Amino acid sequence: MKKALYNASQIVTVSTQGNHVKRGSAMQDIGVLTGYSIIIEDEQILAVVPNEDLANYQIDDIIDVTGMTILPGLIDCHTHTVFAGSRANEFDLKLKGATYEEIAAAGGGIKNTTTATREAKPEQLLTLAMQRIQHFISLGITSLEIKSGYGLDFMSELKIMAVIDLFRRFAPIDIYSSFLGAHIVPAEYKERRSEYIAMLCEQLLPEIQKAGLANYCDVFCEESAFSAAESEYILTKAREAGLYPRMHTEQFHRIGGLETALKLHALSVDHLEVMAPEQITALANSDTVAVVLPGVSFFLKYSYAPARNIIDAGGIVAIATDFNPGSCHIPNLHLVMSLAALHMKLTMEEIISAVTINAAKALGISEKVGSIETGKLADFAIFNTDNYKNIIYTLGMNLNVMTMKKGKFIYPFTTEEKNENH
Ligand code: NIG
Ligand code: FE
């Protein structure tokens, strides 16, 4: 079964010529084609050809996308999509002057969401997360990472990982899961942190490995969470259990997390809002992806990660929402892309590379998704605009009108029978 997306106004290929990543100045080159069509065979991209060459192929279904712009399916590589409860009251306190860290120290923050998430039944978590995932799909997201980390005890972390796993198996997009049991030390282990770490490594990790519940292990390396030495210990144990390391680090304080993550060849280091200039070269020279989260800086009103300098030094930068109830209640990658343009001095082209191929690299999946190239999955976000610049220029309105995953339209949401026709 072959189909074609015919005559897009622009196809933003983000082509890497086989490198499967864009580093430094290469992020500027997003390979925009006009007068081209994409030929899809089953789940994959067969070819990207000038419109006039389409006649050389036997195509079963030609979909006219005249006037529209096609991007590789967007990838949100850092989210905390599975949680219960609301922190609107804390947001209100912040508007009145309290800081994120003050609220956390007073027993709010992650602890607050952990209480609500522990109390929630799996089906409640499923319903909440399903609505969020449907919203992501409507924005053109075709690959999504979700972390645990609001359970923080054996059964609650497994409950969250099991919910994420149901989406991994049944959601219409690809879901990747990170085990973030090391988000903070929960209150009941306050005086026994080494016991908590032992529980994570000796009880939870083997269980997660046995059931195949996670792709990655994440740790929050921060004064109020885990030290660099603790993070190294946990991520090393996780690596032995087959989980790739990643790290929340340099968010509020520099306590050695970035250096530890680089030593462990982490797939990504995420946040970096307080990264120092002297740390840039080592990160930029590594294969670890800098995942920057401009929505967090905007939501908490503090510094932005030095993404501009990391790119200028030749590093690999990805952008994600970090959608979560506390530091970034912004479930909208398009808005976060606009924030990167307005506050991080990134070009629109760099931003597109950051939410496609480099986000794929951060998840270790860039050989199959993240760009429009022969052999990759037919994952596309199709925008009702003739120019990709309008996507970042337009804040607060969704220009994505069609989402295709593995050659099938999954948005607009339709009935099964209708989907079969495409
Ligand atoms: O990525 N930094 C730690 N974790 C989340 C925030 C979690 C929360 O406040 O609920 C983050 O910013
Ligand atoms: Fe996060």
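Quick notes on this structure:
- C-alpha long axis of helix 228-240 to longest principal axis of the chain, angle in °: 60 degrees
- Dipole magnitude (debye, nearest 20) for the stretch 75-362, charges at Cβ of Lys, Arg, Asp, Glu: 440 debye
- Database remark: amide H of Gly315 closer than 5 angstrom to the amide H of Gly24 (H placed geometrically; neighbours at sequence offset of 5 or more, or on other chains; Pro and chain starts carry no H).
- Protection proxy ranking of 394-404, 356-366 - average other beta-carbon atoms within 10 Å, highest first: 356-366, 394-404
- Working ranking of peptides 311-317, 335-341, 276-282, 244-250 by packing, defined as the average number of other Cβ atoms within 10 Å per residue, highest first, is 244-250, 335-341, 311-317, 276-282.
- Rounded tilt (10° steps) of 110-119 against the dominant C-alpha axis of the chain: 80 degrees
- Tilt relative to the chain, helix 333-343 - C-alpha long axis, 0 to 90 degrees, to 10: 80 degrees
- Carbon and sulfur %, accessible surface of the chain computed with the full protein complex present, 1.4 Å: 52 percent
- Averaging over all projection directions, the Cα-based convex hull of the stretch 318-422 occupies 8.1 nm² in the image plane.
- The HN-Hα couplings worked out from phi for the stretch 91-107 by the Karplus form 6.51 cos²θ - 1.76 cosθ + 1.60 (θ = phi - 60°) are 4, 4, 4, 5, 5, 8, x, 5, 9, 4, 6, 5, 5, 5, 5, 8, x Hz, whole numbers, x standing for Gly and Pro.
- Working note: Karplus 6.51/-1.76/1.60 with θ = phi - 60° gives the stretch 359-376 the couplings 5, 5, 4, 4, 9, x, 10, 6, 7, 10, 9, x, 8, 9, 9, 3, x, 7 Hz, where Gly and Pro are set to x.
- Under Karplus coefficients 6.51, -1.76 and 1.60, residue-wise ³J(HN,Hα) of the stretch 301-314 in Hz, glycine/proline x: 6, 9, 5, 9, 4, x, 4, 4, 5, 5, 5, 4, 8, x
- Shown are Glu373, Glu207, Glu273, Glu191, whose ranking by accessible area with a 1.4 Å probe and every protein chain present, most to least, is Glu191, Glu207, Glu373, Glu273.
- Solvent-accessible area per residue for the stretch 75-362 (1.4 angstrom probe, square angstrom): 36 Å²
- Set of lysines with alpha-carbon distance to Lys2 below 22 Å, sequence-local pairs under 8 removed: Lys368, Lys376, Lys405, Lys406, Lys408, Lys418
- Note on Ala55 and Gln134: the model spin-label points, each 7 Å out from Cα along the C-beta direction, lie 4.5 nm apart.
- Segments 171-183, 381-393 sorted - mean Cβ within 10 Å per residue, highest first: 171-183, 381-393
- Here is the list for the stretch 43-114: GluC sites (Glu not before Pro) lying in DSSP coil, each with at most 16 other C-beta atoms within 10 angstrom of its C-beta, are Glu43.
- P(r), alpha carbons of the stretch 75-362 - 5 Å bins starting at zero, rounded %: 1, 6, 13, 18, 20, 19, 14, 7, 2, 0
- The stretch 112-174 versus the stretch 299-344: alpha-carbon centroid distance in Å: 22 Å
The values are calculated or read from the model by the stated rules, or taken from the named source; none is laboratory data. What you see is a predicted model; the values in this text were computed from it and never measured. FYI the Cβ positions are ideal-geometry reconstructions off the backbone, even for glycines, and counts take in every protein chain you see. These accessible areas exclude ligands, DNA and RNA; they are computed on the full protein's heavy atoms, side chains included. Shrake-Rupley method; radii C 1.70, N 1.55, O 1.52, S 1.80 Å.
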